Amino acid sequence: MPILLSIGYSACHWCHVMAHESFEDAETAKLMNALYVNIKIDREERPDLDKIYQTAHSLLTQRAGGWPLTMILTPGDQIPFFAGTYFPETPRHGLPGFTELLRHVEGQYRQHRSEIADQNDAMRKALNKVYGPQGISAPLESGAGIRARGELEQAFDSQHGGFGSAPKFPHPTNLEFLLHHWAVSAQQGNPDQRALHMAALTLKKMALGGIYDHLGGGFCRYCVDDSWTIPHFEKMLYDNGPLLTLYSQAAVATASPLFERTALETANWVMREMQSPEGGYYSSLDADSEGEEGKYYAWETDEIQSALADQNHKLFARRFGLDRPPNFEGKWHLRAHVELTTLATEFGQTPAELMHSLDRSRQTLFQQRENRIRPGRDEKILTSWNALMIKAMASAGRLLDKPQFIESAERALDFIQRQLWKENRLLATYKDGRAHLNAYLDDYGFLIDGILELLQARWREADLSFARALTEVLLEQFEDREHGGFYFTSRDHEQLIQRVKTFPDEATPSGNGIAASALARLGHLLGEPRYLEAVERTLKAAANSINNTPSAHASLLLALEHHLRPQQVVILRGQGETLTDWHRRCTKDHAPQRFTLAIPNEAQNLPEALAAKTPHGEIVAYICEGMTCSAPITQWQELQKALTKTTVKFALED
């Protein structure tokens, strides 16, 4: 029997539709079991399989894949010979009915075995060409970053922000690249204001748009239109982590109250709805509730009018477009239509007074919405997605001076170390008291990166030890020492039809890019050449891929920046309020080329490179760039002079 493989995920709307229409139908299930060996996979637990079969789908159909992914494989070698995505229960939308498709493909399998075998052989060769060794051949150069910036400008939507047309995705790695590119150019005395504009306009339009939940905080997956109005309503942890990091950075870089408010509300949503009592972060919220997509988020105007006082309703309606035609299936999905400056003129109040009134109205409606039936929540705790959120909460806590966010990140990291770190190896997923599945490249790379950000927010000796242990496993189990870069699966992972190594960013940042950035920081911090050599091998291995489409490799371009121009590492040793004060001053600015650790005098068991930075009275600072460190600095004015070259600030109107 051939294998029918379906790959989906909990929050996927069309996965639910296909499951309800077909998999849960008794007659359809009977046919499936008669003709196929049926396997259903959660792509969040098995991203290794998803990567392989999404690529195979593209090779077979010459179209992008997606979820649900429907593949039919030959049983012996598990090579796909048929590929598709969603199929309805009966023919429509130009698609065959699912049962009709099942009969047809099974018939082709019985009648054309030799042709399928030939096709499978071609598929195997094609996958090997995609994922096989590329060799270390291309030179390292910084010009790819300039080309990436140009490609992003070509794709930039100057009216609504974002890149390309609908469906509109946030692409946080590209926005991070632009924000970083602007900061570095400003440090060099020639600020690229256009790069800042592209990042800031996109962040502004998303924060005001329907992709953002204006009552509860947090971002939906993507929008179906160019103007960020109507989303697919699922909320994914892996989107909200990088976006929270971005909005926190942008709030400090631009002094934007909108960006700060968006970051604070998103972090509060994470703590309120997405953090488990054990400490880990849940994976996602569904798009659907009561069988309807978006029902939880849409409003009738009379619901809002009855909940708000007349004057508050008038302002709220003007701000959020309730005086316009319905925008979502006869109802209103909230998005901010009118700027505060315009409303200030219309209502004769200051923007601050307007925001106070709007905040009261939003809180009233939030409380009313709490009485609705909620979307389902996927309570899997995934190591890699938790790592993205640990970094985000640590960054938001540090930059916005919110210690409760840092504490949230600590709880999540402690959970991972307690439940998902077994016998010096990571596991990928946890649910209902059970952790399982070998961890992937993203789990290790993202977690090392998250720990480094958390160490910047506050010092814990055990966390640095954990990061070093993770790094050793990363190098031992995932690195391709011969050709460079990191495989997605470990050496002792189960054997699949292909061992994948990829370089571009996808829905999440590139595992190779994040691992390289983290190793660059850790290598310079600890003076560990093995880490830096692995970074260089990775960048050389990725160079051909980067040169082909630079803007698809934002994470690796940031790693290249860290490799060519190492971050300024500031080590503070001291105690009490003085150490706290210096730490706050060193980390309050948007300085992406600076990495700061505040280590108390009493810290024990430090690595040799940090132990050499000895306490010196009440406070001392050491500044290291590359492999060179300064003499001890004991006066704040002297340290401040050394920091000015990495400090950037630019005010942006909301």
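The values are calculated or read from the model by the stated rules, or taken from the named source; none is laboratory data. Values in this document were obtained by computation on a predicted structure and should not be read as measured data. Note that each Cβ is placed from the backbone with ideal geometry, even for glycine, and that neighbours are counted across all protein chains shown. In case anyone asks, the SASA skips ligands and DNA or RNA and just uses the protein heavy atoms, side chains included. Shrake-Rupley method; radii C 1.70, N 1.55, O 1.52, S 1.80 Å.
Candidate cross-link partners of Lys331 among the aspartates and glutamates, defined by an alpha-carbon separation under 19 Å and a same-chain spacing of 8 or more, comprise Asp213, Asp225, Glu234, Asp288, Glu290, Glu292, Glu293, Glu300, Asp302, Glu303, Asp323, Glu370.
Whenever you get a sec, compute what percent of the accessible area on the range 514-624 sits on carbon and sulfur atoms (1.4 Å probe). Intermediate results must be reported in sequence, preceding the final value.
Numbers: 1740 of 3780 Å².
Reported share for carbon and sulfur atoms: 46 percent.
Unpaired Cys in the chain, meaning no second Cys C-beta under 4.7 Å: Cys220, Cys223, Cys586.
Can you tell me the length gained on complete extension of the stretch Arg147 to Ala462, counting 0.36 nm per residue apart and subtracting the Cα distance? Walk me through the intermediate numbers first.
Working: separation 315, 0.36 × 315 = 113.40 nm, distance 4.09 nm.
Contour length minus Cα-Cα distance gives 109.3 nm.
Over all other residues within a Cβ to Cβ distance under 11 Å of Ile599, the charged ones net out to +2, with Lys and Arg as +1 and Asp and Glu as -1. Summing +1 for each Lys or Arg and -1 for each Asp or Glu among the other residues whose beta-carbon sits under 11 angstrom from that of Ala559 gives -2. Could you tell me the calculated FRET efficiency between Thr580 and Glu472, based on Cβ-Cβ distance and R0 = 30 angstrom, to the nearest 0.05? For Thr580 and Glu472, the calculated efficiency is 0.40. Accessible surface calculations at 1.4 Å, restricted to protein heavy atoms, place the range 143-239 at 30 Å² per residue.
Between Glu303 and Asn601, the simple label model (points 7 Å from Cα in the Cβ direction) yields a spacing of 6.0 nm. Distance between the pseudo-spin-label points of Glu339 and Gln193 (7 Å out from Cα toward the beta carbon): 1.6 nm.
Return the subset of Lys168/Lys204; Lys204/Lys235; Lys588/Lys641; Lys295/Lys431; Lys295/Lys402; Lys391/Lys588 for which the Cα-Cα distance in this structure is over 23 Å, preserving the input order. Walk me through the intermediate numbers first.
On the way: Lys168/Lys204 15 Å; Lys204/Lys235 19 Å; Lys588/Lys641 16 Å; Lys295/Lys431 27 Å; Lys295/Lys402 33 Å; Lys391/Lys588 16 Å.
The answer is Lys295/Lys431; Lys295/Lys402.
If you sort the three axes of the alpha carbon gyration tensor as a ≥ b ≥ c, you get a/c of 1.5 or more for the range 159-225 and a/b above b/c, which makes it prolate.
Considering only Pro504, His563, Gly218, whose Cα is most displaced toward the positive end of the charge dipole of the chain, charges sitting on Cβ of Lys, Arg (+1) and Asp, Glu (-1)? With unit charges placed on the Cβ atoms, the residue in question is His563. Normalised by the number of residues in the chain, the average gap of Cα pairs under 8 Å and 6 or more apart makes the relative contact order 13 percent. Taking all protein chains together, Met198, Met1 sort by accessible area into Met1, Met198, largest first [probe 1.4 Å].
From the coordinates of this entry, semi-axes √(5λ) of the Cα gyration tensor in Å is computed, and it appears in (i) 75, 26, 22; (ii) 40, 35, 22; (iii) 39, 31, 24 under the label (ii). Annotation: peptides 322-333, 390-401, 526-537, ranked by per-residue average of other Cβ atoms within 10 Å with the highest first, follow the order 390-401, 526-537, 322-333. Specify whether the C-alpha gyration tensor of the range 225-319 places it in the rounded, prolate or oblate class, a ≥ b ≥ c being the square roots of the eigenvalues: rounded for a/c under 1.5, otherwise prolate if a/b is larger than b/c and oblate if not. Oblate shape, in that a/c is at least 1.5 and b/c is the bigger or equal ratio.
What's the ranking of 628-638, 513-523, 607-617, 433-443 by average number of surrounding C-beta atoms within 10 Å, highest first? Mind showing how you got there, number by number?
Numbers: 628-638: 13.0, 513-523: 27.1, 607-617: 14.5, 433-443: 19.5.
Result, highest mean Cβ count within 10 Å first: 513-523, 433-443, 607-617, 628-638.
Is the shape of the range 1-116 rounded, prolate or oblate, going by the alpha carbon gyration tensor and its root eigenvalues a ≥ b ≥ c, with a/c under 1.5 for rounded and a/b larger than b/c for prolate?
Numbers: a/c = 1.40, a/b = 1.06, b/c = 1.33.
In terms of gyration-tensor shape, rounded.
How much net charge surrounds Arg425 when only the other residues with a Cβ under 13 Å from the Cβ of Arg425 are counted, with Lys and Arg +1 and Asp and Glu -1? Charge balance in the 13 Å sphere: -3.
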